[in-house]
Amino acid sequence: PTTQAPEPDGGGLVLDIVNASTDRTVGSLTGTDRSFAPGELPAAPLGFDLATVPDGTRSVVFTIGGDLSFRQVENYAPYASFGNAGPNFYGRNLGPGSYTIRVQVYTGRQGSGIELDDETLGFEIRG
C-alpha cells in the first residue's frame, strides 16, 4: 500500500509542454488552469515533462483526463507524460478541448512508497 507523506509540499509542480516533433519546450503549466488560443501551441504531438522534481523522487504517475484519457508511470528522469526514449519525447495530438493532468510523485518505483506530491493541473485548447 502507498503511504502519503505527512505534509506534501503541493502547489509547486511545473510541467513543461514539449513539442514531441522537435523535443523543445513550447510552454508550461502550473497550479493555475490555463487556456491556449488557437495557434498558441504548435500543431504537433505534445507531451509534458515534470520540470520541478521534488527531492527523493523515484517515480511519477501521470493521469490525463478530459478529451483524452491516458495513464503513464515514469520511473526515471526525464519524467514524461507519454514516455520518452532518452532525450526524445513521445506525444499525442491534442485537439480543442478541456484536459486535466494529475501528477503524483512518489519515493518508490512504479508509484509506490511515500507520496511526495499530488496535483491536478487543468488546461483548455480553444478551437
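The values are calculated or read from the model by the stated rules, or taken from the named source; none is laboratory data. Every value quoted in this text rests on a predicted model; they were computed, and no experiment measured them. Please note: Cβ atoms are built from the backbone with ideal geometry, for glycine as well, and neighbour counts cover all protein chains shown. Please note that ligands, DNA and RNA were not included when accessible areas were found on the heavy atoms of the full protein model with its side chains. Shrake-Rupley method; radii C 1.70, N 1.55, O 1.52, S 1.80 Å.
Looking at segment 9-20, is at least one residue among the small types (Gly, Ala, Ser), open to solvent by less than 40 Å² (accessible area, probe 1.4 Å) and at pLDDT below 95?
yes
Got a sec? Which of Val105, Val53, Val73 is touching a Pro at 6+ places or on another chain (Cβ under 7 Å), β-branched (Val, Ile, Thr) and buried (at least 16 other Cβ atoms within 10 Å of the Cβ)?
Result of the check over Val105, Val53, Val73: Val105.
Thr30 - would you say it is closer than 19 Å to Leu13 by Cβ and either in contact (Cβ under 8 Å) with a residue 40 or more places away in the chain or buried (at least 16 other Cβ atoms within 10 Å of the Cβ) (or both)?
For Thr30, the condition - closer than 19 Å to Leu13 by Cβ and either in contact (Cβ under 8 Å) with a residue 40 or more places away in the chain or buried (at least 16 other Cβ atoms within 10 Å of the Cβ) (or both) - is met.
Applying the selection to segment 56-70, what residues are farther than 14 Å from Asp117 by Cβ and crowded, with 17+ Cβ neighbours inside 10 Å?
Once the filter is applied, which keeps residues that are farther than 14 Å from Asp117 by Cβ and crowded, with 17+ Cβ neighbours inside 10 Å, segment 56-70 yields only Ile64.
Tally the residues that are basic (Lys, Arg) and closer than 19 Å to Ser69 by Cα, restricting the search to segment 99-127.
Summing the residues that are basic (Lys, Arg) and closer than 19 Å to Ser69 by Cα in segment 99-127 gives 2.
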